[in-house]
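Participant: Before anything else, here's the structure in question.
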Amino acid sequence: MVATPLQALLRTNEVPLDGQIPMIRNFIVTAQDRLATLQNERDDLRSKAATLCMKIEALNVELSALGMEEFEMKTKAATLDGIIDAFTEQIRGHQAVLSVVRRVPADVLLEIFSWITLETFARMVLTESKVPTAPWRLTHVCRAWRAVALSYPKLWARVCIDGSIIDWSESDPKAPAISMLYPREALKTQLQLSSTASLDVELHMLEQSEEMRLLLEPLIQQSSRWARLILTSDAWSTLEYLKEIETKLPRLNYLVIDTGYDLLIPSWPTELRQLFFFAGHLRTAKLTNFALTSPSPPLSLPWHQLTKLRICSPLISLLNILSTAHHLVDCTLEVDDSEGNQTWATPPFVVTLPTVQRLTMGPSCSDDCSSWLVLPQLRFLALEGTPVEHARTLITQSQCRLETLELRHIEIKSDVLLAILQVVPSITNLAVDFCFTFTDEQIQSFLRSMTGSTLCPNLASMKIGFLSHQHTIQNSETACEMIESRWNPPTGPRVLQSVRLLPADNWPRFVWLRLEAMRLAGLDLNRLTVSNTR
């Protein structure tokens, strides 16, 4: 808008003064010029807007055409996707024809299949078809694999029945052994496929029931083919099933029985005690668990045949058994002192085992046990959590050339430990676990005595376990110095090759740097954790 000097006259009907008329005329001329300018700008903008509108309409037409073109391209691409997938599948199929797996010889496939049926796989839970995954699943891959699997009896010779995962809740009353691991018909089929191969049998957590008896019936009928038998947990109830065995187990060579609490049973029937007595090829008998905490069952075995034995029995029974076991090579012994053991100032007799090379003694083995044994061929001795003062007597009277000594979780004074090492100059492997009862002074004394090659000059491998978090940093430095003295001896050749350490958490970094330097120079050095100390 243009400012006017006569704004008041616009609101009235008064006649302007003669002097105001020229001003009014000048304002009109100015305003008309301004109006013409604005009208020209408006017309120009409308013209431009119309031009843009026409361009937009043209672009819309072009966009629509492009949209149609896009749709057609996507349709063609989708069609090509289908063709490409078909070609890809065809190529993949032809590549599979050339796959190395198809050309693996049957004997190599059988070797692979035999690994699949190891314990880890044999204990798998049920599949939807209610049969174990191995070796049955191998027959479902292809005709070639099925033919190979069915042609190899040993593949079907492993039978593992685990009662802890058997579910009877869905069983048909007319067929009570259906919904379980190894249904009866599947077990019969597997036994048929195994032909005449020796059987590897594992029975775990079996309870007394008619269903279980029916399940085991075809397996017991094939007991003459049993070569390995493993019974765990409630072994006595499992042996009850085995009373029906009529053969003398002619192929049985490996027996494991983890009795659990079975010795709480007042008495074992004679037929159970004599169950394995006539197993003419029995060589290995493990009659207690790995931790040596389960008393062994009072079985009569052909002890004179055994080459490997793991047993936990009262002292006098243990020695009577050993007195007849003249072919033992590897034995693990533990004394069952639950009812107390008689002690003697002088041993009534000494048991000589001329072929024993490996001996492991449990926590309850006493001086009596060691003073009764003579093992002239002993090469490996392990003492598990037991007072080891008697070890010196055992080694001395056996006059053996010991090569490996392992002292696991033992309680002993350092001077006693050193006295034992003085009588075994031939050992090449030493393992010592310092438990919580060891003081820093005792550890220091042992480590200093082992510095250099005065004790155990042939030591090539050592394992040292510091199981207590109380052991000080000074122990780590002394241990490092001891290892350095044997890795870089001032005189003579280097003998030490391997070191395993289970250190306390407070070992300083500079100690590990010194150890790392030896590792880089060739020392086989491993830092262990509590879970892999063996």
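The values are calculated or read from the model by the stated rules, or taken from the named source; none is laboratory data. Just so you know, these numbers come straight off a predicted model, no measurement behind them. To get the accessible areas, we keep the full protein, side chains included, count just its heavy atoms, and leave off ligands, DNA and RNA. Shrake-Rupley method; radii C 1.70, N 1.55, O 1.52, S 1.80 Å.
Participant: Just how much of His94 is accessible, in Å², when a 1.4 Å probe is used and the result is rounded to the nearest 10?
Facilitator: Roughly 120 Å² of His94 is accessible to a 1.4 Å probe.
Participant: Okay, next question. Find the accessible area per residue for the stretch 388-463; the probe is 1.4 Å, ligands and nucleic acids are left out, and the unit is Å².
Facilitator: Ligands and nucleic acids excluded, the result is 41 Å² per residue.
Participant: Hey, what do the phi angles of the stretch 36-41 turn into as Karplus ³J(HN,Hα) couplings, whole Hz, using 6.51/-1.76/1.60 and θ = phi - 60°, x for Gly and Pro?
Facilitator: Listing the rounded values in order: 4, 4, 5, 5, 5, 4 Hz.
Participant: Also, I was wondering about something else. Quick check for you: with a 1.4 Å probe and neighbouring chains kept, what is the accessible area per residue of the stretch 1-101, in Å²?
Facilitator: 90
Participant: Would you mind checking Lys188/Lys243; Lys154/Lys463; Lys188/Lys308; Lys154/Lys286; Lys413/Lys463; Lys308/Lys413 for any pair whose Cα atoms are more than 29 angstrom apart?
Facilitator: Details: Lys188/Lys243 20 Å; Lys154/Lys463 40 Å; Lys188/Lys308 32 Å; Lys154/Lys286 24 Å; Lys413/Lys463 18 Å; Lys308/Lys413 32 Å.
Long pairs (Cα-Cα over 29 Å): Lys154/Lys463; Lys188/Lys308; Lys308/Lys413.
Participant: How large is the accessible surface of Asp85 in square angstrom, using a 1.4 angstrom probe and rounding to the nearest 10?
Facilitator: Its accessible surface works out to 100 Å², give or take rounding.
Participant: For Ala382, enumerate residues with amide H under 5 Å from its amide H, sequence gap 5+ or separate chain, H modeled in the peptide plane.
Facilitator: Those qualifying (amide H under 5 Å, at least 5 residues apart or on another chain) are Leu359, Thr360, Met361, Glu406.
Participant: Give the Kirkwood hydrodynamic radius (Å, one decimal) of the stretch 405-458, defined as one over the mean of 1/r across all pairs of different Cα atoms.
Facilitator: 11.5
Participant: Can you pull a Stokes-Einstein diffusion coefficient for the stretch 1-98 at 37 °C (0.692 mPa s), Rh from Kirkwood over Cα pairs, as a whole number of µm²/s? Spell out each step's value before the answer.
Facilitator: On the way: Rh = 21.3 Å.
Rounded to a whole number, D works out at 154 µm²/s.
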